[in-house]
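S.K.: Take this structure first; my questions come after.
What follows is calculated from the coordinates using simple rules that are stated; it is not laboratory data. Computed from a predicted model, the values in this text were never measured in an experiment. Cβ: placed from backbone, ideal geometry, glycine included. Neighbour counts: every protein chain shown.
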Amino acid sequence: MKNLSLLVLSYALFAVQGIAAPGDGNSRSQLSLNGEWHFVMDQYDASRGLARGDRPWGKNDRDEYSIDDAPTLHVPGDWNHQREDLKFYEGTIWYGRHFDLKPEGDRRYIIRFGGVSYLANVYVNGKEAVSHEGSFTQFQADITDLVKEGDNYIAVRVNNRREKDRIPAMLFDWFNYGGITRDVTLITLPSRYIKDWFIQLDKHRSDLIHASAVLSDPVAGETIRIDIPELKKTLTLTTDEAGKVQADIPVKRLTRWCPANPKLYSVEISTAADKVVDEIGFRNIEVRGTQVLLNGEPVFLKGISIHEEIAAELRRACTRQDAEMLLNEAQALGVNMIRLAHYQQSEYMVRGAERRGIMIWQEIPVWQAIDFANPQTQEKAIRMLQETITRDKNRCADCFWGIANETRNTPERNRFLARLLQVGKDLDTTRLFVAAFDLAYFDRKEDKFVMHDDFYQNLDLVGINKYMGWYEGWPKAPKDIQWDVCPDKPLLISEFGGEAKYGIRGQEDVAGSWSEDFQARLYRMNLEMFANIRNLVGISPWILYDFRSPTRLHQSLQNGFNRKGLVGDKGDRKQAWYIIHDWYETR
Ligand code: GCB
């Protein structure tokens, strides 16, 4: 039965387009296309001609659209922080740049975008190469047939307008940065290359690694080698007619990845023409009753939620240094888990967390009220989940795939999420599927917290967002409050907290004081209440840093920031940071 599920996993993964393991685990030849790109703001979406840069086209040699002499934006990076006139821009911007190439006949050229916010239409030498929707997932295109010797021109139309059928939709509680926000890379590959691979430990067994790989072309009889030198394992496999290989690798004396020892093994996958080296860890993550087991042992998730933002510089985080900065602050807090809210974050975050031994909850931006009744929106969500899993399926730190945050219990939502979940489960049988809910409430008649949203039954672990003491008053003393929420499942408090502005000290029992003292007390009270949640497997306070949100309208205190951070926007730790830090030290 297990082998059957591996089979399903492998076939499903390879159905999703993509070469895997990008970024710093990749040993392949790469040309960075980061740097300065010219840009034109196209407010009315009028200038399709910019796909061709400043060249005349057709019979008409009018030079109406020009981009080469336009100012530049840095890639990667959102446009909002780079220029005053783009600070709040939501709309279309054309990016353009040249690059030189000497294409070789037996090579393939793949262009990869780590993330473009929100919609991207990519043109190479005036021809459409790929379009992609969704700010936070990677995409790529084989542009071998579009490139030429010498000067090449690439144009990207980027649009970040909020629309009802997009994900997220019209309103969300973070800043809507636009632009080419992650690395752009041109990868050179042999004409037949290793397209994808999946090498992970069995979900339950510590002595069995499942391995599979697939070539770019469906050819039988080719040799693919998989080596794990440190484990003295070498497999020489022959592709089937789909160009795939798969095998189970029995292992002894495996050092499993865990927070205390985030061991990674160097894994080499090679053919006569191609080779990739990936750093891969092995661990078991599963649920038993209401517990989460890591490598067979119950684990308490000491979490923190993080937005991909450098608040002090009013910009989206996009570099390795940015990721290191955020992870350093999380690690100093004493976490063993991070919730990457509310979307897939860069590979720097994921690989950085993995190296540090931090488990990851990654989710797609199905945030509150998206258009659940719209079949196109459904397809978008499915693709986002597929792309999320495809990029990070070899990252053992990724333990939890989140499919939704704070959705309402309606028939449309139930159908939507059920399908999404099925797609996810067909893709990946080795991780836990989760979602965060905000529908738990204190039932005065029953004298306890309950939740009436049966969708949770479909999940492995349930996240509950609960802002006691902030959006909701205390019904009684925290130590006396009982919880009976999803009692048959592991429960993570996936958000809690309240706002305070760093530096304000004041009355600890007055929310309107906006004081660190109020926030610290609120944290203490919540921790007291959590002691009564029998199925509690962890907490993930909201949130590490204050973050930008156009919905935060208090002009002097919020000033465009959600101030629930344990750390202020400028990097100062608030009192509540120490409460969590000390509590985590005792767990
Ligand atoms: C929530 C949302 C989160 C918000 C937070 C808040 O429940 O999941 O995205 O930022 O509340 O601060 O209101």
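S.K.: Could you compute the FRET efficiency for residue 242 and residue 98, with r as their C-beta to C-beta distance and R0 at 41 Å, rounded to 0.05?
M.R.: Numbers: r = 38 Å, r/R0 = 0.94.
Efficiency at R0 = 41 Å is approximately 0.60.
S.K.: What are the ³J(HN,Hα) values, in whole Hz, obtained from phi via the Karplus relation 6.51 cos²θ - 1.76 cosθ + 1.60 with θ = phi - 60°, for each residue of segment 436-450 in sequence order, with x given for Gly and Pro?
M.R.: Taking θ as phi minus 60°, the curve returns 9, 10, 10, 9, 6, 9, 7, 8, 5, 5, 7, 6, 6, 7, 9 Hz for segment 436-450.
S.K.: Could you pull out every residue, at least 5 positions away or on a different chain, whose amide H is within less than 5 Å of the one on residue 33? Hs are placed 1.01 Å off N in the peptide plane, and Pro or chain starts have none.
M.R.: Residues meeting the amide H criterion: 184, 185, 186.
S.K.: Using a 7 Å offset from the Cα along the Cα-to-Cβ direction at both residue 263 and residue 524, what is the distance between the two label points in nm, to one decimal?
M.R.: A separation of 4.3 nm, rounded to one decimal place.
S.K.: Right, here's the next one. Mind checking which of 533, 353, 520 is farthest towards the positive end of the chain's charge dipole, using Cβ charges of +1 (Lys, Arg) and -1 (Asp, Glu) about the Cα centre?
M.R.: Farthest towards the positive pole: 533.
S.K.: Determine the dipole magnitude for the chain: charges of +1 sit on the beta-carbon of Lys and Arg, -1 on that of Asp and Glu, nothing else is charged, the reference point is the Cα centre, and the result goes in debye to the nearest 20.
M.R.: 980 debye
S.K.: While we're here: With r defined as the distance between the Cβ atoms of residue 191 and residue 355 and R0 fixed at 41 Å, what FRET efficiency is calculated, to the nearest 0.05?
M.R.: Between residue 191 and residue 355 the formula returns 0.75.
S.K.: Just the Kirkwood number for segment 351-400, please: inverse of mean 1/r across all distinct Cα pairs, in Å, one decimal.
M.R.: Kirkwood radius, segment 351-400: 12.3 Å.
S.K.: On full extension of the chain, what length is gained from residue 556 through residue 471, given 0.36 nm per residue of separation minus the C-alpha to C-alpha distance? Could you put the intermediate results ahead of the total?
M.R.: Values: separation 85, 0.36 × 85 = 30.60 nm, distance 2.01 nm.
Taking residue 556 through residue 471 to full extension adds about 28.6 nm, to one decimal.
S.K.: Further question: Tell me the net charge near residue 465. Cut-off is 13 Å between Cβ atoms, residue 465 excluded, with +1 for each Lys or Arg and -1 for each Asp or Glu.
M.R.: -4
S.K.: May I pose another question? Could you give me the ³J(HN,Hα) list for segment 79-90, computed from phi with Karplus coefficients 6.51, -1.76, 1.60 and θ = phi - 60°, whole Hz, x at Gly and Pro?
M.R.: 7, 4, 8, 8, 8, 4, 6, 10, 3, 10, 6, 10
S.K.: Based on DSSP, what percent of beta bridges with both residues in the chain are antiparallel, to the nearest 5?
M.R.: Restricted to the chain, the bridges split so that about 75 percent are antiparallel.
S.K.: Which whole-number percentage describes the relative contact order of segment 514-565, with Cα contacts under 8 Å and a sequence gap of 6 or more? Numbers along the way, then the final one.
M.R.: On the way: 36 pairs, mean separation 14.6, N = 52.
About 28 percent, as a whole number.
S.K.: Hey, another quick one. Neighbour counts of other C-beta atoms within 10 Å: give me 47, 29 arranged from fewest to most.
M.R.: Listing 47, 29 from fewest to most nearby Cβ atoms yields 29, 47.
S.K.: To continue, here is another question. Considering segment 232-379, what Rg and Dmax in Å follow from its alpha-carbon atoms?
M.R.: Over segment 232-379's Cα set, Rg and Dmax evaluate to 19.1, 53 Å.
S.K.: Another one. Normalising by the residue count of the chain, find the relative contact order in percent from Cα pairs under 8 Å and 6+ residues apart.
M.R.: 12 percent
S.K.: Of the lysine pairs in segment 395-492, how many meet both conditions: Cα atoms under 23 Å apart, and a spacing of 8 or more in sequence or different chains?
M.R.: 12
S.K.: Residue by residue, what Karplus-based ³J(HN,Hα) values in Hz, rounded to whole numbers, does segment 201-218 have, using 6.51, -1.76 and 1.60 with θ = phi - 60° and x for Gly and Pro?
M.R.: Whole-Hz 3J(HN,Hα) from phi for segment 201-218: 6, 3, 4, 10, 9, 8, 10, 9, 9, 9, 9, 8, 8, 9, 7, 5, 10, x.
S.K.: Another question about this same structure. Take 578, 523, 471 and order them by how many other Cβ atoms sit within 10 Å, fewest up front. Present the calculation step by step, with values, prior to reporting the outcome.
M.R.: On the way: 578 15, 523 24, 471 10.
Least crowded to most crowded, the residues run 471, 578, 523.
S.K.: Looking only at segment 513-557, which residues have a backbone nitrogen under 20 Å from a spot 7 Å from the Cα of residue 484 in the C-beta direction?
M.R.: 529-537, by backbone N distance to the label point.
S.K.: Relative contact order of segment 435-484, please, whole-number percent, based on alpha carbon pairs below 8 angstrom and at least 6 residues apart.
M.R.: Working: 50 pairs, mean separation 22.0, N = 50.
Over segment 435-484, the number comes to 44 percent.
S.K.: Next question. Along the charge dipole of segment 398-523, Cβ charges K/R +1 and D/E -1, which of 449, 482, 422 sits furthest on the positive end?
M.R.: The one lying farthest along the dipole's positive direction is 422.
S.K.: Which cross-chain or sequence-distant (5 or more) residues have an amide H under 5 Å from the amide H of residue 315, H modelled 1.01 Å from N in plane?
M.R.: So residue 315 has HN proximity to 310.
S.K.: Once you charge only the Cβ atoms, +1 for Lys and Arg and -1 for Asp and Glu, what is the size of the charge dipole of segment 209-361 about its Cα centre, to the nearest 20 debye?
M.R.: The dipole of segment 209-361 has a size of about 660 debye.
S.K.: For segment 78-207, with equal point scatterers placed on the C-alpha atoms only and solvent neglected, what are the log10 I(q)/I(0) values from the Debye formula at q = 0.16 1/Å, to two decimals?
M.R.: With one equal scatterer per Cα and no solvent, log10 I(q)/I(0) is -0.86.
S.K.: Return the tail of the calculated pair distribution for the chain, meaning the percent of Cα-Cα pairs more than 32 Å apart.
M.R.: Percentage above 32 Å: 48.
S.K.: Sticking with this one: Which residue, 272, 284, 200, has the largest displacement toward the positive end of the dipole of segment 144-291 when charges sit on each Cβ (Lys, Arg +1; Asp, Glu -1)?
M.R.: 284
S.K.: Packing-wise, with mean Cβ within 10 Å as the measure, how do 209-219, 553-563, 282-292 rank, highest first?
M.R.: 209-219, 282-292, 553-563
S.K.: Ok, one more. I need the calculated FRET efficiency for the pair residue 32 and residue 220, taking r as the beta carbon distance and R₀ as 45 Å, to the nearest 0.05.
M.R.: Values: r = 36 Å, r/R0 = 0.80.
Result of the calculation: an efficiency of 0.80.
S.K.: Take the eigenvalues of the Cα gyration tensor for segment 488-574, scale each by 5, and report the square roots as semi-axes in whole Å, largest first.
M.R.: After scaling each eigenvalue by five and taking roots: 25, 15, 10 Å.
S.K.: What is the Cα convex hull volume of segment 167-251 when expressed per residue in Å³?
M.R.: Values: hull volume 17.9 nm³, N = 85.
In segment 167-251, the Cα convex hull volume per residue is 210 Å³.
S.K.: OK, next. Taking the Cα centre of segment 366-493 as origin and charging only Cβ (+1 Lys, Arg; -1 Asp, Glu), how large is the dipole, in debye to the nearest 20?
M.R.: Rounded to the nearest 20 debye, it is 180 debye.
S.K.: Under the rule of at least 5 residues apart or a separate chain, name every residue whose amide H is placed under 5 Å from the amide H of residue 537.
M.R.: 491, 492, 493
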